[in-house]
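All remarks here apply to the structure that follows.
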Amino acid sequence: MTARLSPGDRAPGFALPAHDGSTVSLEGLLAQGGRVVVYFYPAAMTPGCTTQACDFRDSLDALNASGHRVVGISRDPVEKLARFAERDGITFPLLSDPDHAVLEAYGAWGEKTNYGRTSVGVVRSTVVVGPGGTVELAQYNVRAKGHVAKLRRDLGLDA
């Protein structure tokens, strides 16, 4: 199990290939101003991950308007992420971390239990990074369904 981040921790930097062929870095996202919502998900095009990505897609205008940039990270290859983005109209960056170095740095890689079976892999997680590059919110073992609505409430975006 990798160490999890907590509010006040320095967010690990990253530069990863995106579904659109670009390279996206935390530094570049922070340079746009505002905060960065980095969410980690197990596998593109699976039911839970599709639900979560579409929820972020559907909330993207409100998140962007409040100064939050969204980026999703998984172990999937760029080609699969491109198909996922195309199929579901995902307009925010989906990044590929095949060696799970960034997943580990963010504490989103480790042992998990699903349907009574224990395995090692991506722990569905969300980390909000503030303008100074520090963690403002870190949530681990989140549920795919309803997570974005809860995150919006936790960020004070829904009155």
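Observations on the model:
- Within the range 94-106, the residues that satisfy the criterion of being surrounded by fewer than 14 Cβ atoms within 10 Å (Cβ to Cβ) and assigned to a loop (DSSP other than H, G, I, E, B) are P98, D99.
- All of (1) of a type in the set (G, A, S); (2) open to solvent by 50 Å² or more (accessible area, probe 1.4 Å); (3) assigned to a strand (DSSP E or B) hold for G121 with one exception: (2).
- Failed item, numbered, when L81 is tested on (1) in a helix (DSSP H, G or I); (2) open to solvent by 50 Å² or more (accessible area, probe 1.4 Å); (3) closer than 21 Å to H19 by Cα: (2)
- Scanning the range 24-50 for residues that are assigned to a loop (DSSP other than H, G, I, E, B) and either free of Cβ contacts under 8 Å to residues at least 24 places away in the same chain or under 13 Å from the mean Cα position of the chain (by Cα) (or both) turns up Y41, P42, A43, A44, T46.
- Odd one out for A53, checked against (1) open to solvent by 30 Å² or more (accessible area, probe 1.4 Å); (2) within 14 Å of the chain's Cα centre (by Cα); (3) within 17 Å of V127 (Cα to Cα): (1)
- Subset of the range 67-78 that is open to solvent by less than 50 Å² (accessible area, probe 1.4 Å) and more than 11 Å from the chain's Cα centre (by Cα) - its residue that is nearest to T23 (Cα to Cα): V78
- Hits in the range 63-78 (condition: without any contact (Cβ under 8 Å) to a residue 24 or more places away in the chain and in a helix (DSSP H, G or I)): N64, A65
- With respect to being open to solvent by 50 Å² or more (accessible area, probe 1.4 Å) and within 17 Å of V37 (Cβ to Cβ), T91 fits the description.
- Scan of the range 140-159 for residues that are in contact (Cβ under 8 Å) with a residue 12 or more places away in the chain, surrounded by fewer than 19 Cβ atoms within 10 Å (Cβ to Cβ) and closer than 19 Å to G34 by Cβ, ordered by number: R152, D154, L155, L157
- Residue in the range 16-23 that is in a helix (DSSP H, G or I), surrounded by fewer than 16 Cβ atoms within 10 Å (Cβ to Cβ) and more than 15 Å from the chain's Cα centre (by Cα) present: no
The values are calculated or read from the model by the stated rules, or taken from the named source; none is laboratory data. None of these values were measured; they are calculated from a predicted model. Virtual Cβ from ideal backbone geometry, glycine too; neighbours counted across all protein chains shown. Areas reflect the complete protein model, heavy atoms only, side chains present, ligands, DNA and RNA absent. Shrake-Rupley method; radii C 1.70, N 1.55, O 1.52, S 1.80 Å.
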